[in-house]
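Right, one structure below, let's go through it.
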Amino acid sequence: MYAIVEISGKQYKVQEGDIVFVDRIENAEEGQELTFDKVLFVSDGKKVTVGTDTVKGATVKASVVGHGKAKKIIVFKFKAKKNYRRTQGHRQPYTKIQIEKISTATRAKKTEAETEPKEVKEVKKAKEPKEAKEEKKA
C-alpha cells in the first residue's frame, strides 16, 4: 500500500516503513508522532482511490526521527566584463520522518463496525404535503 501525501506544500509518495526527508517542521520534536490528513492518492495494490482534492478520511501517521541540514550548495553570481562575482553557500534544513501507518476511511469503518454495534432509532415518516391538505379540509 502506498499514498501520495502533501507535506509543507510538497507532494511525497510514501509507503509504510519508509523514511522521508521533508522540509523542516519547526514545532516537531524527535520521537513525536505526526498525522498528515492531506492525502491526495491511496493505492493498496487492488483498489486505487483518488481524491477530488484530498481523499476523505485518509490519514498518514509518521514519527519524527530527527532534524538536520542537507549538503551545502554554492550560489555563485557573475556578470561578465563588470568584475562582479559573489559567492554564497546554502544548507537546506530538513526533518527526517518515518511513515508508521497509512489508513483510509474504508479501513476505519471496517474496524468500527467490528468493534461496536450501533443502536438504530425508529424514525417517523413525515406526511406528504397533499395528505396534509386533505386532512385540513375534512
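Among 44, 53, which comes first, second and so on when ranked by fewest other beta-carbon atoms within 10 Å?
So the residues, fewest neighbours to most, are 53, 44.
Arranged by the count of other C-beta atoms within 10 angstrom, fewest first, what order do 60, 20 take?
Ordered from fewest to most neighbouring Cβ atoms within 10 Å, 60, 20 come out as 20, 60.
In the structure displayed, which of 13/69; 10/79; 47/71; 10/47 lie more than 28 Å apart, Cα to Cα? Before the final figure, lay out each step's value.
Numbers: 13/69 22 Å; 10/79 33 Å; 47/71 39 Å; 10/47 24 Å.
Check vs 28 Å cut-off fails for 10/79; 47/71.
How do 78, 36 line up, fewest other C-beta atoms within 10 Å first?
Working: 78 9, 36 21.
Ordered from fewest to most neighbouring Cβ atoms within 10 Å, 78, 36 come out as 78, 36.
Per 0.36 nm of contour for each residue apart, how much would the distance between residue 24 and residue 92 grow if the chain were fully extended, relative to their Cα-Cα spacing?
On the way: separation 68, 0.36 × 68 = 24.48 nm, distance 0.85 nm.
Between residue 24 and residue 92, full extension yields 23.6 nm more.
Between residue 72 and residue 32, 0.36 nm times their residue separation minus their Cα-Cα distance comes to what?
This chain segment gains 11.7 nm when fully extended.
No value in this document is a laboratory result; all are computed from the given coordinates. These numbers were taken from a predicted model, which means no experiment stands behind them. Don't worry about glycine lacking a Cβ; one is built from the backbone with ideal geometry, like all the others, and counts go over all protein chains shown.
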